[in-house]
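Some notes on the structure that comes next.
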């Protein structure tokens, strides 16, 4: 599903499929985001989770078991649910489920917040006492193996567009 958020300067459209920013347009109808030409690359702005790029042979080993995961993790191909929506903000989360657990055996709940003219916030909640495998260390402000709790990163000024 496509969600539209706006403020006085910008209008953004975000898809629940992959929690992907699909459009970012100024008041003068200037498009600030790649439009996704399928001839070259059909995506726009992927939510890459829980890691960037490819795993060697498409898998990793944790506690003696091999887990397979697609390029950039399962974030880009997952259907996120909305848990907060206003005219100027939409927030998504991804619940653990058996399919994801077969790729990533940790009870995490990634949450992604989109709000024009603010910093983008991505949080992941570890809902178990199991230490999180270090491929999520890019999200952690503390340790790569943090147990139970919420950790995350706030990225640079996404959507900071003025003078439209």
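No value in this document is a laboratory result; all are computed from the given coordinates. All of these numbers come straight from a predicted model, not from anything done at the bench. Glycine also receives a Cβ, built like all others from the backbone with ideal geometry; neighbour counts cover every protein chain displayed.
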Ordering of 72-83, 105-116 by burial proxy (mean other Cβ atoms within 10 Å per residue, highest first): 105-116, 72-83
Peptides ranked, highest mean first, by Cβ atoms within 10 Å: ranges 56-64, 89-97, 15-23: 15-23, 89-97, 56-64
Gained length - residue 7 relative to residue 53, 0.36 nm times residue gap less alpha-carbon distance: 13.2 nm
Net length gained if the chain between residue 87 and residue 37 were fully extended (0.36 nm per residue, minus Cα distance): 15.2 nm
Förster radius 45 Å - calculated FRET efficiency between residue 29 and residue 102, Cβ distance, rounded to 0.05: 0.55
Length-normalised contact order of the stretch 1-59 in % [C-alpha pairs under 8 Å, at least 6 apart]: 22
